[in-house]
Structure formats: C-alpha cells, structure tokens
Amino acid sequence: MIAKTDNSNYVRDMNSNAILAFDKIILEQHRKKLHESSEINKLKNDIQDLKSNMGIILNILKNKE
C-alpha cells in the first residue's frame, strides 16, 4: 500500500515504511547519474590496469639491457 506525503514528488510505501520518489524525471536523472558513475569507475579501473601493464613492460625492457 502507498500513501501520499507532504511533498508530491514522494510517496510512502506502508509495507516497508520507505519513502519513494514518484517523479519519473528525478528517477531517470538518478539512473543516469548511477550509470555515469559506473562508467567512470570502469574507466578508472582500466587506467589502473594500463598503468600496471606499462610498468611491467618497462621493467622487462630495462632488464633486457
């Protein structure tokens, strides 16, 4: 069961007592932000992997000399 709140952008789920966003635009903005954050974290991990691999390659090249 859902109940209205003072703010029309939110409703309360009476089963869990949670306050939920009711505005679809806000929900889409939140999902977009989560997606962008996920992409940024993936890019950070990729950069760290590249740095690590470059370090290994440089060490191998230095040891060959």
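The values are calculated or read from the model by the stated rules, or taken from the named source; none is laboratory data. A quick note: this is a predicted structure, and the numbers were derived from the prediction, not measured. Positions of Cβ are backbone-derived with ideal geometry, glycine not excepted, and every protein chain shown enters the neighbour counts.
So residue 17 ticks every box in (1) on the phi > 0 side of the Ramachandran plot; (2) part of a strand (DSSP E or B) but one. Which box is left unticked?
(2)
Confirm whether residue 63 is part of a helix (DSSP H, G or I), over 13 Å from the mean Cα position of the chain (by Cα) and exposed (fewer than 10 other Cβ atoms within 10 Å of the Cβ).
Spelling it out, residue 63 is indeed part of a helix (DSSP H, G or I), over 13 Å from the mean Cα position of the chain (by Cα) and exposed (fewer than 10 other Cβ atoms within 10 Å of the Cβ).
Please determine whether any residue of the range 22-32 is modelled with pLDDT under 90 and exposed (fewer than 10 other Cβ atoms within 10 Å of the Cβ).
Yes, the conditions are met somewhere in the range 22-32.
Those residues that are surrounded by 12 or more Cβ atoms within 10 Å (Cβ to Cβ) and outside any loop (DSSP other than H, G, I, E, B), I need them from the range 1-14; list them, please.
10, 11, 12, 13
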